[in-house]
Amino acid sequence: MTEILFKYRGLVWGLFALAVLIFPVYPSTSRLIAGVPLVAAGQLLRFWAAGVIPKYRTLVVGAPELIKWGPYAWMRNPLYAGNGIMGLGWALMAGWAWEAAFAAVYTALYVLTIIPHEEKFLQDRFGGEYIQYKKTTPSLFPALNGFGDRIARSAEGFDAKKSWFMERHSLRMNIAVTALVLARLYYVSG
């Protein structure tokens, strides 16, 4: 079951957009103003993460090397953190009930299923090196200890061309979901 959830992990955002079109939303200007920057911030985090790792759009877990620089110097799962920030932005725009629903789905899908699945693979593949990385680097929230060292490792290995190539699908999906949420909010409030 975990392998299937991993394989189709990106589908959650399309389902979120579909749900926003079907179920009630509760828009407000302040919620919109708060949500849009979160969506942009989540996408920027994803661009940064995509620019420092090898190919990640795979149907099975894999890792040719253990990446501990760029955003991975601050957290172990910046791509999923970016997803969470974007999803929180969309949910914030749509209303309080959406925030609760998003938090439940995000926790079930990523925190309880996909991240442990990937971490088991990484621990089996990289052993003690991964265990030490896991001890010193939080999963989804940035580490604040060792600030100087993390800053130094933040700029390492970023490739903007690779980031664009790897993340253009996510950007398209982000724009589509954001447009659907905004259209629904405009339609509801109009």
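The values are calculated or read from the model by the stated rules, or taken from the named source; none is laboratory data. All of these numbers come straight from a predicted model, not from anything done at the bench. As a convention, Cβ positions derive from the backbone with ideal geometry for all residues, glycine included, and neighbour counts pool all protein chains shown.
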*Among what's in the stretch 60-95 and is of a type in the set (D, E, K, R) and farther than 27 Å from MET1 by Cβ, pick the residue that is surrounded by the fewest Cβ atoms within 10 Å (Cβ to Cβ).*
GLU65
*ILE131 is checked against (1) touching a residue at least 60 places away in the same chain (Cβ under 8 Å); (2) not in a loop (DSSP other than H, G, I, E, B) and fails just one. What number does that condition carry?*
(1)
*VAL12 vs. criteria at pLDDT below 75, surrounded by 12 or more Cβ atoms within 10 Å (Cβ to Cβ) and either in a helix (DSSP H, G or I) or in contact with a helix residue (DSSP H, G or I) (Cβ under 7 Å, 6 or more places away or on another chain) (or both)*: yes
*For the stretch 123-140, does any single residue satisfy the condition of being modelled with pLDDT under 85 and under 21 Å from GLU65 (Cα atoms)?*
no
*Scanning for something in contact with a Phe, Trp or Tyr (Cβ under 7 Å, 6 or more places away or on another chain), in contact (Cβ under 8 Å) with a residue 24 or more places away in the chain and closer than 22 Å to THR2 by Cα, does the stretch 142-156 turn up at least one residue?*
no
_For ALA108, only one of the following conditions fails: (1) touching a Phe, Trp or Tyr at 6+ places or on another chain (Cβ under 9 Å); (2) assigned to a helix (DSSP H, G or I). What is its number?_
(1)
